[in-house]
1. Do you know which residues across the stretch C:261-301 are closer than 30 Å to C:Asn76 by Cα and either at the interface with chain B (Cβ under 9 Å from one of its Cβ atoms) or modelled with pLDDT of 95 or more (or both)?
2. Return the residues of the stretch C:293-317 that are away from ligand 4 (no atom under 12 Å from the Cβ) and surrounded by 24 or more Cβ atoms within 10 Å (Cβ to Cβ); say none if nothing qualifies.
3. Taking the conditions exactly as written (farther than 20 Å from B:Thr44 by Cα, more than 6 Å from ligand 6 (Cβ to nearest atom) and open to solvent by 20 Å² or more (accessible area, probe 1.4 Å)), does B:Glu274 satisfy them or not?
4. If C:Ser275 passes every condition in (1) within 16 Å of ligand 2 (Cβ to nearest atom); (2) closer than 27 Å to C:Asp140 by Cβ; (3) among the small types (Gly, Ala, Ser) but one, which one does it miss?
5. Please give the number of the condition B:Lys69 fails out of (1) surrounded by 15 or more Cβ atoms within 10 Å (Cβ to Cβ); (2) out of contact with any Asp or Glu (no Cβ under 9 Å at 6 or more places or on another chain).
6. Which ranges mark the strands (runs of 3 or more DSSP E) fully within the stretch C:1-102 that have 1 or more residues being surrounded by fewer than 17 Cβ atoms within 10 Å (Cβ to Cβ)?
7. Among B:Phe27, B:Phe53, which is the only one that is open to solvent by less than 20 Å² (accessible area, probe 1.4 Å), aromatic (Phe, Trp, Tyr), within 23 Å of B:Val130 (Cα to Cα) and touching a residue at least 24 places away in the same chain (Cβ under 8 Å)?
8. Which of the residues belonging to the stretch B:124-146 are open to solvent by less than 10 Å² (accessible area, probe 1.4 Å) and within 20 Å of B:Phe267 (Cβ to Cβ)?
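The values are calculated or read from the model by the stated rules, or taken from the named source; none is laboratory data. Small disclaimer: the values here were computed from a predicted structure and weren't measured. Using ideal geometry, Cβ is built from the backbone for each residue, glycine included, and neighbour counts are taken over all protein chains shown. When the accessible area is computed, the model is the full protein with side chains, heavy atoms only, and any ligands, DNA or RNA have been set aside. Shrake-Rupley method; radii C 1.70, N 1.55, O 1.52, S 1.80 Å.
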Amino acid sequence: MNDLIKKVTQLLDDKTINVFIGYGQGTASRIRTIFVKNSSQVENLVYTSDCTANLAGYLLKHEVKKIGKLGILANDSALRSMMQLASEFQIKDGEVYVLHAAKDGSFTEFADFQSIEAYLVTIDTGITSDEQERIAKLEAMTVKERWIFWNKEFEKCIKCYACRAACPMCYCHRCTTDVNQPQWIPVASHEQGNLDYHLMRAMHLAGRCVNCGECANACPMDIPLNLLTYQLIAPIRTTFDATAGMKADAVYALSTFKPDDKENFII
Amino acid sequence: MEQQNIYQPYLMEIEKITEEAPMVKTFRLKFTNEEEGNKFSFRTGQFGEYSVFGEGEVTFCVASPHTRKGYIECTFRQAGRVTAELASLSEGDTIGFRGPYGNIFPIDDWKGKNLLFIAGGIALPPMRSVIWSCLDLRDQFKDISILYGARTVEDLVYKNELAEWKERPDVHLVTTVDPGGETPDWSGEVGFVPTILDKMIPVSENTIAIVCGPPVMIKFTFPVLEKYGFKDEQVYTTLENRMKCGLGKCGRCNVGKVFVCKDGPVFTRTQLKELPDEY
Amino acid sequence: MEKELKILKYSDLPKMIEKFISQGYPVLAPVHKGKIVEIEYVQSLDSIALDVLLSTQSAKKAAFPKVEKVLEYTMNKAGVVQHPVDPADSKETILFGVRPCDASGFKSLDAIFGEGPSDQFYLSKKEKTTIISFSCPVADEYCFCTSVGGGPGNTAGSDLQFTSVSKDELLVEILTEKGKKASRIFADLLTEANSAIDKTKFIADVKVVFDLDSVVAKTTASFGNAELWLEQSLRCIGCGACAFVCPTCACFDFQDEQDTKKGVRLRLWDSCGFSLFTLHTSGHNPREVQSQRWRQRIMHKFAYMPEQLKVVGCEGCGRCSRACPVDMNIKEHLTAIREQVTV
Ligand SMILES: Cc1cc2nc3c(=O)[nH]c(=O)nc-3n(C[C@H](O)[C@H](O)[C@H](O)COP(=O)(O)OP(=O)(O)OC[C@H]3O[C@@H](n4cnc5c(N)ncnc54)[C@H](O)[C@@H]3O)c2cc1C
Ligand code: SF4
Ligand code: SF4
Ligand code: SF4
Ligand code: SF4
Ligand code: FES
């Protein structure tokens, strides 16, 4: 913790960065994102095992970017989001100062995207065992059971779009949901509108979702949305040998044709 | 208790379509239900929510004068979803209309005064309603001047009416197009509205100025009026914000504490100065 | 009407619900749904979550549902035929087991929908809803009802209020004519209460954290304080969670849906937190960035509504803060306005 405070103080003092995106104490036992702009605010930083949120989404927020040069405390998920964002030309190497927070509480500086990539190949990028179990359960269901399961979940949805707002990959300037010529997705939060929205979102995240779980964590109605996109991770991996958020110059599996792509799923 | 559905529109038949300029059309609308039409009345400056069933609603001012009964007109530019759909309709088709909403141009208070209308681009429609309302009561006002500018000659709307006003001895009409927008046979002015206004040397004494147009035009026109001694309460304009209900309920059109749909769209410059920058 | 006090046994609650249902009153009440608590139609007391502090969403949907049909029409060769939708087409309903802040939250909606040409879709449903609230024996760190004029035993907006006064007894306050009417349905279960009973002993102690008049005055003066709004909202991600769970937020959108022959116009919840809310078709947006949208949220509730509608648009329920994915805590932000702004 002291290392973190010392490091961020120095970064701000020598103007390497203008703001550092990290974790602070929130309401009661909650952890929240804080933006540290000068060394007097550095003491507000905390780092505990509860600091699991993926902060990478803020790298794209207009009002955050306007502050100046950004520094971020990135956990594994955030690093992967950053690689995925870089591959989609949303952030550039050298633009952001990256301090990595490892699960054991140590902090490492990553000088460039290359070192992030080198680190990422050493870690387990899979989903948690709990999530694996839930997905296994879903996959064991008949199509009809699964349909009922999701309809029951989506029934609770109020279309607050917190899931979309929380997802670092949902950065589109005009989301398909918001396009009205033509109106692809019914705006209403009724059965059809909710279903179409969630299917569309899952499809748009296929091969891009870095399984950080922000969408499900954000949902006030406790809908396990992450399971939808997580279910697509395995097929993309086996079909295209692609994992999201591993390389800054990756080409997107679903928009690139490679001669050796498997085609057995077409027929 | 009265259990009325305030969101239910009148059904209107498109009686006549006039092509005004590229992407700009005028619809003359008459009430499908004659009784509703007879009961309907509005005052110049007000607007309505026009619906294309299946597409949604869209906000336009009533472009016809309140002095003429039995129909209303709207002039619109094709912009997005609903206007695109409207533009594809034909005479005889049915649309919906809810209204009238909003406040009015207080023309009763303008009696005995000179009127100076300054409009830019597609902002002539709200102005046209008040111009005709005043022209229909011509003897109640003193000098009436109209300065109207558009990007190009082609973009000028209400070309027939402009010609008519040009002919009238009791109207002083000046039309202008932006530099480069003129055609070889263009006989009007060339230059931006504020510049031409400056050249006109407007008289502020006993005059009301009504300014409608794109934000930049308004921004540069106000100082010119100020230069010629127009006080804030002599200057009127209208505001636009995105609307849905038109009734002060859906919550999106506010400028600070003021709802444009309910407390506007007509504001004096005095009122405008008290509003925060949120339009 | 002068309030009446009665006693109802906990053990008679199931009977009371049965009576409502058997006499044809649908009952809306909080219900556990996994980790969240929804307000739903119930058939018996068993499914009602009386042990929770607050439902995840507010009770506003009883009169202002997230999706509501306001128009219906068919198309034929001759044009369009409208089939009138009756705004008053709803049943007398019992809203049971909600909290005082839910009940009083309706006063903001009453003001917005009742002002000017009145919105009967809301008003008639509200009129037909009898609200039976439960005072709060506990509160949590998000609650600040007492700072905005309410309280854990506030009866404003409730037709009946129940307070747990012992392990097996509820104090029943009959507060309105509507409440009186509903109480007749289970009159045989009620006994007289000792009028000296001190309700405050049985409700939570919620500390006042700020002076409302001062917050209103300071908010009203803060439109131009861009720094304040930016500082507060930097982590806000612009979703609709806060507005959708809020008992007082009333903003809405219209959307048409139709197939080839018939269609409907729907009224949907909307939020000033969304960037699209005010976006002009031209691309111009009067509230372009999130800090301006956050400013709107706070100013609408604490400046515009108090001035224009004579009601503060917040009941201090803290739902928005609990629901916020990034822990924007409104109580904290209002306290900061109170402390930081000078007028
Ligand atoms: C008081 C006033 C008077 C006006 N008078 C005139 C006039 O006389 N002539 C004229 O040409 N223009 C006028 N306008 C401007 C006109 O209202 C707009 O150009 C018009 O709304 C464009 O609508 P559209 O359907 O074509 O655009 P779109 O952008 O397609 O909007 C369609 C509708 O859907 C809404 N919408 C769009 N996207 C979404 C989404 N993702 N979710 C939810 N809702 C969405 C819009 O608000 C709109 O109601 C006036 C505006 C105001 C406020
Ligand atoms: S966050 Fe939850 S309630 Fe909100 S839109 Fe997403 S799934 Fe629906
Ligand atoms: S603003 Fe927040 S605290 Fe206030 S009433 Fe709404 S949800 Fe409750
Ligand atoms: S403007 Fe915002 S805060 Fe006010 S009612 Fe609408 S959504 Fe709620
Ligand atoms: S305050 Fe929270 S809930 Fe409200 S818009 Fe911002 S992020 Fe969403
Ligand atoms: S248009 Fe709905 S409040 Fe103004």
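1. Correct list: C:Gly263, C:Val264, C:Arg265, C:Leu266, C:Arg267, C:Leu268.
2. Once the filter is applied, which keeps residues that are away from ligand 4 (no atom under 12 Å from the Cβ) and surrounded by 24 or more Cβ atoms within 10 Å (Cβ to Cβ), the stretch C:293-317 yields C:Glu315, C:Gly316, C:Cys317.
3. It is true that B:Glu274 is farther than 20 Å from B:Thr44 by Cα, more than 6 Å from ligand 6 (Cβ to nearest atom) and open to solvent by 20 Å² or more (accessible area, probe 1.4 Å).
4. That leaves (2) as the condition not met.
5. Tallying (1) surrounded by 15 or more Cβ atoms within 10 Å (Cβ to Cβ); (2) out of contact with any Asp or Glu (no Cβ under 9 Å at 6 or more places or on another chain), B:Lys69 fails exactly one: (1).
6. C:4-9, C:27-33, C:36-42, C:67-76, C:79-82
7. Among B:Phe27, B:Phe53, only B:Phe27 is open to solvent by less than 20 Å² (accessible area, probe 1.4 Å), aromatic (Phe, Trp, Tyr), within 23 Å of B:Val130 (Cα to Cα) and touching a residue at least 24 places away in the same chain (Cβ under 8 Å).
8. If the condition is that a residue be open to solvent by less than 10 Å² (accessible area, probe 1.4 Å) and within 20 Å of B:Phe267 (Cβ to Cβ), then B:Leu124, B:Pro125, B:Met127, B:Ser129, B:Val130, B:Ile131, B:Ser133, B:Cys134 are the ones that fit.
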